[in-house]
Amino acid sequence: MTAPLTYALIAHVLVGVLAIGLTHLVFMHFLRKTPSWKYLRSLAGWATIGFLGSWASGAYYYVVYYGKAVKPVILKGAYPWAHQVIMEAKEHIFIMLPFMSLALWFLILVLEKQQDDKIKKAVRNLALTILLFGAFIAGAGIIISGAARS
Amino acid sequence: MTTHVRDTNLLIRARAAAEGTAAVAVLITILTIGAELWSPLKDTLKTVFAHHWLGKSALAIFLFTVIFLIRRKTSASTQSLERAVLIAVWSSILSAIMMTAFFVVHALFF
């Protein structure tokens, strides 16, 4: 694996985990009675940038290297389902994440201007969904990495 | 406490973004399952975009942008925003469940 591919994989993991962590902070602040909307707006904005960065760096690694060098190894190994199910689900669920995170940022802008309890609850659920998707994608990455090394 | 959202532009943009997100979830589900079941679709994505995943991503960006630009020209209310967010959340969850279930079945029986 070349150095740019290594850096892309590291960036995909680190920036992705950072974006998940920021979304977790957003969700936890939604549990407060009076969240700091300006702070939440900043967190959600950086989370969106993080998901986009992880998306782009992951795309480079996946398109250039994974299909040719990693996928065949997993399919011939003891855990082919790690690609057939886990990777396939991961790569397609990931496509939705930056859009969900961008929508979350727009919705926090609304709540910053004027609060509405029903919208707040709906947006909290969106943050939770992003968080759960992010956790699934991070866990899937660990399984795929393990399957490739086994 | 429930109050009226006065900044209509923000409300409309937020609703447009939520609707775009819901549309992306539907598109990705259709393209992903469709491309596995009907190889000409996957081949077309590969031919046009170099890789099927890049094709799905590019089409998702395109659809989100189109929905966002079209829907931000219409009026919105707090009720329509709440509904759009709920649709975005549930379409994303159903999309994730459907695609994962499909790949489980695909791995077991195909």
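For this structure, a couple of remarks:
- Hits in region A:3-42 (condition: within 18 Å of the chain's Cα centre (by Cα), over 17 Å from A:Ala140 (Cα atoms) and of a type in the set (Val, Ile, Thr)): A:Thr23, A:Val26
- Where A:Phe51 falls short, out of the listed (1) of a type outside the set (D, E, K, R); (2) in contact with a Pro (Cβ under 6 Å, 6 or more places away or on another chain); (3) open to solvent by 20 Å² or more (accessible area, probe 1.4 Å): (3)
- Flag if A:Phe106 is more than 11 Å from chain B (Cβ to nearest Cβ) and among the aromatic types (Phe, Trp, Tyr): no
- Candidate set: region A:64-91, residues that are at the interface with another protein chain (Cβ under 9 Å from one of its Cβ atoms) and surrounded by fewer than 17 Cβ atoms within 10 Å (Cβ to Cβ); chosen: the one nearest to A:Val17 (Cα to Cα): A:Gly67
- Filter pass, A:Ala147 being in a helix (DSSP H, G or I), at negative phi and either open to solvent by 40 Å² or more (accessible area, probe 1.4 Å) or not charged (D, E, K, R) (or both): yes
The values are calculated or read from the model by the stated rules, or taken from the named source; none is laboratory data. For clarity, every value in this text was computed on a predicted model and none was experimentally measured. When we count neighbours, we look across all protein chains shown, and the Cβ atoms used for this are built from the backbone with ideal geometry, even at glycine. Surface areas here come from the heavy atoms of the whole protein model, side chains and all, with no ligands, DNA or RNA. Shrake-Rupley method; radii C 1.70, N 1.55, O 1.52, S 1.80 Å.
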